[in-house]
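Beneath this line is the structure, given in structure tokens, with notes to follow.
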Amino acid sequence: MIDCYADFHIHIGRTSSYKPVKITASDSLTLSSILDEASNRKGLDMIGIIDCHVPEVIADLENEVRVGNGYELDDGGIRFGDLTLILGSEIEIYDENCKGPIHVLVYLPDLITMKHFSEWLIGRMTNIHLSSQRIYEDAQTLQRKVKELGGLFIPAHIFTPFKSLFGRGVSYSLKEVFDISLIDAVELGLSSNTMMADEIAELHALPFLTNSDAHSTPKIAREYQQLKVKTPSFQEWKKALMNVDERHIVRNYGLDPELGKYFETVCAKCETSVHGRECQTCKGTKLIKGVSNRIKELRSTTTKPMRPEYIHHVPLEYIPGIGPKTLSRLLDHFGNEMNILHRAKEKELATVVSSKIARLINLARNGELTIEKGGGGKYGKVRTEE
Ligand SMILES: [Zn+2]
Ligand SMILES: [Zn+2]
């Protein structure tokens, strides 16, 4: 058994022929730049690319396999060097039960199955060539289709104020929309963590995932998980979610929710944080509700199940003093970010960077940095003074 680091929610900005896939994502977020960043810089072992239903993305992947850059694993997933790519698709649901757009993640074992799924989506989607498109089908029909194909079904970033199940403030239970028995896990999203999500009793039975939802290469692995598996593959990941044959999620590494864009409730007009119903600064009443307040509304239990540890990690790019030059010095020396964040001792770090930065990295990995809270679409910040 091995420990592997995985981030299952990465978008594609452009195909190899430069066609847009995720329009809001960076132009330079292509299949090859993702593979390079995830493997060489971040040091991940497994990634999920979440726009694989797009026919041009499937063609690009088939081409990579044809020319021998990657090969399909018997256990599902495509292997590129040391990295396993899992085929995924993010879909927007808006059926009569959910009263608003909700994002879900679908993962399938191989290219043939993804091709079949893509064809099934064509009749139910306006534009199959783009990311996170709305499906004109109810959620449970989609769930049954995914299960028929041997796939995984995972509601995405469940607390963000837009396009998520709990975040929009209208749904109070997964049951209102989904068949819970056909849900394999839920994705927490950047502004929540295990402790917050476990305030909701119905989530206790479901594994939690922490993924980056990266729209550009630097954001890959800002959240990820450590899995205990035999080898990085689709079926092994599935076993880890089901907790069978000693496969399991070891730890979730997520941003401190206070660093997330939607932690605090803020005024939609002037963006100051608001406690209560009205903004103290401009008297505005249109508020963007933070995840922290939303979870308080949803709270249904005070007991907590046993869970993998949740580490409030701070990605290296958030740490003050680590600019591109310092980061490349660290990478030259330690190989990749997983080595810098998890394997190098503070003393070793201090041979490459100042002792102050080495100390900040160490505080970051222990979740001990001081955070200025984020909200209303603005990220939080790390404070430098200790
Ligand atoms: Zn989404
Ligand atoms: Zn996404």
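The values are calculated or read from the model by the stated rules, or taken from the named source; none is laboratory data. Quick caveat: nothing in here was measured; it's all calculated off a predicted structure. So basically every Cβ, Gly included, is an ideal-geometry build from the backbone, and we count neighbours across all protein chains shown.
Applying a threshold of 7 Å to beta carbon distances and a minimum spacing of six or more residues, or different chains, the list of pairs starting in segment 273-298 at a residue that is closer than 16 Å to VAL170 by Cα and ending at one that is among the aliphatic types (A, V, I, L, M) and part of a loop (DSSP other than H, G, I, E, B) reads LEU287/ALA268; LEU287/VAL274; ILE288/ALA268; LEU298/ILE200.
Scanning segment 120-150 for residues that are of a type in the set (D, E, K, R) and in contact with a helix residue (DSSP H, G or I) (Cβ under 9 Å, 6 or more places away or on another chain) turns up ARG124, GLU137, ARG144, LYS145, LYS147. Every listed requirement among (1) more than 24 Å from ASN243 (Cβ to Cβ); (2) within 16 Å of ligand 2 (Cβ to nearest atom) is met by ASN211 save one, (1).
Among residues of segment 367-378 that are charged (D, E, K, R), those with a beta-carbon under 7 Å from a residue that is part of a strand (DSSP E or B) at least six positions away or on a different chain give the pairs GLU372/LYS381; LYS373/GLU264.
Among the residues of segment 81-103, those identified as under 25 Å from LEU35 (Cβ atoms), buried (at least 22 other Cβ atoms within 10 Å of the Cβ) and either in contact with a Leu (Cβ under 7 Å, 6 or more places away or on another chain) or not small (Gly, Ala, Ser) (or both) are LEU83, THR84, LEU85, ILE86, LEU87, GLY88, GLU90, ILE91, HIS103.
For segment 111-156, filtering for residues that are more than 16 Å from ligand 1 (Cβ to nearest atom) and free of Cβ contacts under 8 Å to residues at least 60 places away in the same chain leaves 26. Selection within segment 1-20: residues that are surrounded by fewer than 22 Cβ atoms within 10 Å (Cβ to Cβ) and among the β-branched types (Val, Ile, Thr). The member of this set that is farthest from ligand 2 (Cβ to nearest atom) is ILE2. Taken over segment 208-233, the criterion of being in a loop (DSSP other than H, G, I, E, B), surrounded by fewer than 24 Cβ atoms within 10 Å (Cβ to Cβ) and more than 9 Å from the chain's Cα centre (by Cα) is satisfied by HIS215, SER216, LYS230, THR231, SER233.
Would a scan of segment 197-207 turn up a residue that is in a strand (DSSP E or B), modelled with pLDDT of 95 or more, in the same structural domain as GLY48 (by TED's automatic domain parsing) and surrounded by fewer than 24 Cβ atoms within 10 Å (Cβ to Cβ)?
The answer is no, given that none of the residues of segment 197-207 is in a strand (DSSP E or B), modelled with pLDDT of 95 or more, in the same structural domain as GLY48 (by TED's automatic domain parsing) and surrounded by fewer than 24 Cβ atoms within 10 Å (Cβ to Cβ).
Being in contact with a helix residue (DSSP H, G or I) (Cβ under 6 Å, 6 or more places away or on another chain) and in contact (Cβ under 8 Å) with a residue 60 or more places away in the chain is true of PHE159.
Taken over segment 287-303, the residue count meeting the criterion of being in a loop (DSSP other than H, G, I, E, B) and either within 21 Å of GLU258 (Cα to Cα) or modelled with pLDDT of 90 or more (or both) is 3. Screening the candidates GLU246, GLU264, GLU258 for the property of being touching a strand residue (DSSP E or B) at 6+ places or on another chain (Cβ under 8 Å), of a type in the set (D, E, K, R) and on the phi > 0 side of the Ramachandran plot yields one hit, GLU246. Here segment 160-193 is the region considered, the condition is being buried (at least 19 other Cβ atoms within 10 Å of the Cβ) and outside any loop (DSSP other than H, G, I, E, B), and the residue that is farthest from ligand 1 (Cβ to nearest atom) is LEU174.
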